[in-house]
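Participant: For reference, the structure I am asking about is given below.
The values are calculated or read from the model by the stated rules, or taken from the named source; none is laboratory data. It should be emphasised that the depicted structure is a prediction, and the values quoted were computed from it without experimental measurement. Cβ atoms come from the backbone with ideal geometry, glycine included; neighbour counts cover every protein chain shown.
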Amino acid sequence: MKIGLRRLIAKSWVLSKIYYGLRGLRIDGKPNDRVWYFAFGANMHDSAFRERRGMRPIEWRAGRVRGYRLRFNLEGRPRGKAAPANISPDTDGEVWGVLYQITRTDLVHLDATEGVPGRRYRHLWVDAEDIDGRAVVAVIYIADGKETDGNPSHRYITLLREGAQAHGLPEHYLRFLHDVKHAE
């Protein structure tokens, strides 16, 4: 579906419920209900989340999700030269990122900018915890990725590194992101 049409649908709660329903998905709750969204990729950076996607979170916290690991196993653009972030189950893993509290209406808008529902990302509700150990239930985007990882573009991994730094993610995770090799 064209991005413009998807964004138009996202502006209407009723149309969004119909659109999701046609794809076998449900939108629960009311438009102004608050939910937590966990960003582990470019949405950790304000230029992506606030400026490009137009999001205005109610609050944010550094946080993590255990039982998953960060992957770069999706096909990006240019094809073969960039791999966006994804997560995969890993019992010993953990992914750090930014927990944003947004409304359900904001989540539908964010979905439209990420192509959800669609062929790539889908929602996954997970148990997360903020940097102080407080538990929250959050929605994340996950996709069926390739078996092997690629390399993110230099621009993309820079967004992750700068976003992680700006939101106070732990030093060990900043080092981990620093060690990720970018595509040439």
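Participant: Do we find that I131 is out of contact with any helix residue (DSSP H, G or I) (no Cβ under 8 Å at 6 or more places or on another chain) and within 30 Å of I9 (Cβ to Cβ) in this structure? Explain how you work it out, then say what you get.
Facilitator: Working: out of contact with any helix residue (DSSP H, G or I) (no Cβ under 8 Å at 6 or more places or on another chain): yes; within 30 Å of I9 (Cβ to Cβ): no.
So I131 fails the test.
Participant: Could you count how many residues in segment 1-15 are exposed (fewer than 11 other Cβ atoms within 10 Å of the Cβ) and touching a residue at least 60 places away in the same chain (Cβ under 8 Å)? Even if it seems obvious, please write down each step before you answer.
Facilitator: Start the filter on segment 1-15 by keeping residues that are exposed (fewer than 11 other Cβ atoms within 10 Å of the Cβ), which leaves 2-4, 14.
From the residues that got through so far, the ones that are touching a residue at least 60 places away in the same chain (Cβ under 8 Å) too are 3.
So the answer is 1.
Matching residues to (1) among the polar types (S, T, N, Q); (2) in contact with a Phe, Trp or Tyr (Cβ under 9 Å, 6 or more places away or on another chain); (3) under 28 Å from L159 (Cβ atoms):
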| residue | (1), (2), (3) |
| --- | --- |
| Y19 | no, no, no |
| R26 | no, yes, no |
| P31 | no, yes, no |
| A42 | no, yes, yes |
| D46 | no, no, yes |
| R50 | no, no, yes |
| R56 | no, no, yes |
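Participant: Exactly one condition in (1) touching a helix residue (DSSP H, G or I) at 6+ places or on another chain (Cβ under 8 Å); (2) at pLDDT 95 or above is not met by P89; state its number.
Facilitator: Condition not satisfied by P89: (1).
Participant: If you check G54 against the conditions, is it modelled with pLDDT of 85 or more, out of contact with any strand residue (DSSP E or B) (no Cβ under 6 Å at 6 or more places or on another chain), of a type in the set (G, A, S) and within 24 Å of L177 (Cα to Cα)?
Facilitator: Values: modelled with pLDDT of 85 or more: yes; out of contact with any strand residue (DSSP E or B) (no Cβ under 6 Å at 6 or more places or on another chain): yes; of a type in the set (G, A, S): yes; within 24 Å of L177 (Cα to Cα): no.
Taking the combined requirement at face value, the residue does not satisfy it.
Participant: Consider W60 carefully, then state whether it is in contact (Cβ under 8 Å) with a residue 40 or more places away in the chain and at negative phi. Talk me through it step by step, then tell me what you get.
Facilitator: Values: in contact (Cβ under 8 Å) with a residue 40 or more places away in the chain: yes; at negative phi: yes.
Taking the combined requirement at face value, the residue satisfies it.
Participant: Looking at A166, A85, A135, which is the one that is of a type outside the set (F, W, Y) and buried (at least 18 other Cβ atoms within 10 Å of the Cβ)?
Facilitator: Working: A166 fails: buried (at least 18 other Cβ atoms within 10 Å of the Cβ); A135 fails: buried (at least 18 other Cβ atoms within 10 Å of the Cβ).
After applying the criteria, what remains is A85.
Participant: Exactly one condition in (1) farther than 29 Å from K30 by Cβ; (2) without any contact (Cβ under 8 Å) to a residue 60 or more places away in the chain; (3) in a loop (DSSP other than H, G, I, E, B) is not met by R120; state its number.
Facilitator: (1)
Participant: Can you spot a residue in segment 86-97 that is assigned to a helix (DSSP H, G or I), more than 13 Å from the chain's Cα centre (by Cα) and in contact (Cβ under 8 Å) with a residue 24 or more places away in the chain? Steps first, please.
Facilitator: Here is the first cut: in segment 86-97, the ones assigned to a helix (DSSP H, G or I) are none.
No, every residue in segment 86-97 fails to be assigned to a helix (DSSP H, G or I), more than 13 Å from the chain's Cα centre (by Cα) and in contact (Cβ under 8 Å) with a residue 24 or more places away in the chain.
Here is a yes/no grid of residues against (1) surrounded by 12 or more Cβ atoms within 10 Å (Cβ to Cβ); (2) in a strand (DSSP E or B):
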position: K17; (1), (2): yes, no
position: G24; (1), (2): no, no
position: P31; (1), (2): yes, no
position: W36; (1), (2): yes, yes
position: E51; (1), (2): no, no
position: P57; (1), (2): yes, no
position: R64; (1), (2): yes, yes
position: G67; (1), (2): yes, yes
position: R79; (1), (2): no, no
